[in-house]
Amino acid sequence: MSYTADIALPSSPYPSDQRLSTTEAKQRTAEDFAVADAGLDPADISEAIAALQGKQADLSHFFSYYAGTATVPLVSERLQEIYRNLTFVISENWSAVVVDSTTDRIELTGVKGPDDETTKQIKEALDEVELLIEADEAHQAAIVGGEAYLIAWKDPESGELECYFNDPRTCHIFYEPDRPNIARMAVKWWDGSDGKRHMKFYTTGRLTEVAIPLGREGKLNISELEEIESDENPYGVIPVFHLRTKRRMAHSDLTNVMPI
């Protein structure tokens, strides 16, 4: 069985926000994954694909407004009616003003712990991963798209701590339904040089990476899903940090601006 990936992964580091109902994902049965045994719940795989695919259009729409590449339809269409032999495209980028005026007021200087020793260790970790730089990207993405992601881990070879901002169109976190502050599972996907779409699932117990061949027109051949690696999570926490402008949902600051 194949699922269609309607939109390719974003080429820019900027995202947007669209929460997808997972009703359809939960209705898909385990038989769809009969030959894809990666030690994951088939419903989780299906739900993750549906959620990530569902983000693409709206997030990209928000970021095109911030970048100034979106066409303002009413103005452009009206001018074309008046001047029928000419093509007009109007793009007055006030969206960037809304975002930049907010991000310019955010200035992170560091983090304090309960004592000097803890504060010192936190500062060393922040400096090691250049987190304040990554935070600038994350805050901008959260304001434009309503959410942003940071993923932290240790380099498997050097053991050095790493932390990167991740495009929200490539990541998603699922929360416990009865405890909405507790993450149940996180997922990230990317297209590898092997012609496959890789997905990494993060839970408190395991870290599992799978790969799905990309067919024609971006179709994901789920029946050919294969496990790349699966390791125990030695820290017992999901190393994906979710930034949202609203506590319970992703809400772009541009939502109220774009209609104007």
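The values are calculated or read from the model by the stated rules, or taken from the named source; none is laboratory data. Nothing here was measured: the structure is a model prediction, and the numbers come from that model. Cβ atoms come from the backbone with ideal geometry, glycine included; neighbour counts cover every protein chain shown. For the accessible areas, the whole protein counts, side chains as well, though only heavy atoms, and no ligand, DNA or RNA atoms are used. Shrake-Rupley method; radii C 1.70, N 1.55, O 1.52, S 1.80 Å.
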Quick one: is K200 over 22 Å from L132 (Cα atoms), of a type in the set (D, E, K, R) and surrounded by 13 or more Cβ atoms within 10 Å (Cβ to Cβ)? yes
Taking the stretch 112-134 and the residues there that are open to solvent by less than 80 Å² (accessible area, probe 1.4 Å) and within 15 Å of L161 (Cβ to Cβ), the one that is farthest from the chain's Cα centre (by Cα) would be I122
Going through the stretch 204-256 one residue at a time, which ones are part of a strand (DSSP E or B) and touching a helix residue (DSSP H, G or I) at 6+ places or on another chain (Cβ under 8 Å)? V210, I212, P213, L220, L243, R244
By residue number, the members of the stretch 216-228 that are modelled with pLDDT under 85 and open to solvent by 30 Å² or more (accessible area, probe 1.4 Å) are R216, E217, K219, N221, S223
Pick out the one residue from E209, E232 that is open to solvent by 80 Å² or more (accessible area, probe 1.4 Å), acidic (D, E) and at pLDDT 90 or above. E232
